[in-house]
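Participant: My questions will all concern the structure given below.
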Amino acid sequence: MSEQPRSERFEFTDTASSPGTAHDHGASDPGALPDETLAEVNNQMRDIAEVPAVEVITTAAVHLMSAAAVKCGLAAEENAEELKDLDEARKLIIALAGLITAAAPEIGSQHAGPLRDGLKSLQLAFREASPFPDAPGAGPGEKFTGPVYG
């Protein structure tokens, strides 16, 4: 596969309309998107194209970390215990571990290091929050990271 940039561009279009016809978004086509919505989606796609991959990856990781922290009961609000859901936290931590492990060679240690530190903290918080903690090496994401010890 070539590393050359692709010349074609992807844009969302209203597939219900044929080229050269006016858009009629009345009752005959309730699933069609208004022209303004299509234009906004295409603008957002152009905007995201300008964002470096490392920023997209780290942003996704931070979102997973934040969600996992809340699900581990680490929310700052008074209802943190009510928000705790260890089954959901396990899924989020596994996804985070997979993302960080796979992306680390591509994003470099200056970005991967802090993400790994956050992941390890979440893995330890998960173990602490669990009524029956997993053994080191068997916790969420540890198949990707190796055993995590306190």
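Participant: Select from the stretch 119-141 the residues that are open to solvent by less than 20 Å² (accessible area, probe 1.4 Å) and under 19 Å from the mean Cα position of the chain (by Cα) and list them in ascending order.
Facilitator: Leu119, Leu122, Gln123, Pro140, Gly141
Participant: Restricting to the stretch 67-92, name every residue that is farther than 16 Å from Pro140 by Cα and either open to solvent by 40 Å² or more (accessible area, probe 1.4 Å) or assigned to a helix (DSSP H, G or I) (or both).
Facilitator: Correct list: Leu74, Ala76, Glu77, Glu78, Asn79, Ala80, Glu81, Glu82, Leu83.
Participant: A further question on this structure: Considering the stretch 27-61 alone, what residues qualify as being under 20 Å from Lys120 (Cβ atoms) and either touching a residue at least 40 places away in the same chain (Cβ under 8 Å) or among the acidic types (Asp, Glu) (or both)?
Facilitator: Answer for the stretch 27-61, where residues must be under 20 Å from Lys120 (Cβ atoms) and either touching a residue at least 40 places away in the same chain (Cβ under 8 Å) or among the acidic types (Asp, Glu) (or both): Ile57, Thr58, Ala61.
Participant: Can you pull out the residues in the stretch 109-118 that are within 17 Å of Ala68 (Cβ to Cβ) and open to solvent by less than 70 Å² (accessible area, probe 1.4 Å)?
Facilitator: Leu115, Gly118
Participant: Any idea which of (1) without any contact (Cβ under 8 Å) to a residue 12 or more places away in the chain; (2) farther than 24 Å from Gly137 by Cβ; (3) among the small types (Gly, Ala, Ser) is the one Ala102 doesn't satisfy?
Facilitator: (2)
Participant: May I ask you to say which residue of Thr21, Thr37, Thr59 is modelled with pLDDT of 80 or more, of a type in the set (Ser, Thr, Tyr) and either more than 30 Å from Ile94 (Cβ to Cβ) or open to solvent by 90 Å² or more (accessible area, probe 1.4 Å) (or both)? Even if it seems obvious, please write down each step before you answer.
Facilitator: Working: Thr21 fails: modelled with pLDDT of 80 or more; Thr59 fails: either more than 30 Å from Ile94 (Cβ to Cβ) or open to solvent by 90 Å² or more (accessible area, probe 1.4 Å) (or both).
Going through Thr21, Thr37, Thr59 in turn, the sole match is Thr37.
Participant: Here is a follow-up. In the list Ala75, Ala102, which residue meets the criterion of being out of contact with any Cys (no Cβ under 7 Å at 6 or more places or on another chain) and either of a type in the set (Asp, Glu) or within 18 Å of Ala53 (Cα to Cα) (or both)?
Facilitator: On the way: Ala75 fails: either of a type in the set (Asp, Glu) or within 18 Å of Ala53 (Cα to Cα) (or both).
Residue meeting the stated conditions: Ala102.
The values are calculated or read from the model by the stated rules, or taken from the named source; none is laboratory data. Note that the coordinates shown come from a computational prediction; the quantities given were computed from them, not determined experimentally. Because the Cβ atoms are built from the backbone with ideal geometry, glycine has one as well, and the counts that use them run over all protein chains shown. Please note that ligands, DNA and RNA were not included when accessible areas were found on the heavy atoms of the full protein model with its side chains. Shrake-Rupley method; radii C 1.70, N 1.55, O 1.52, S 1.80 Å.
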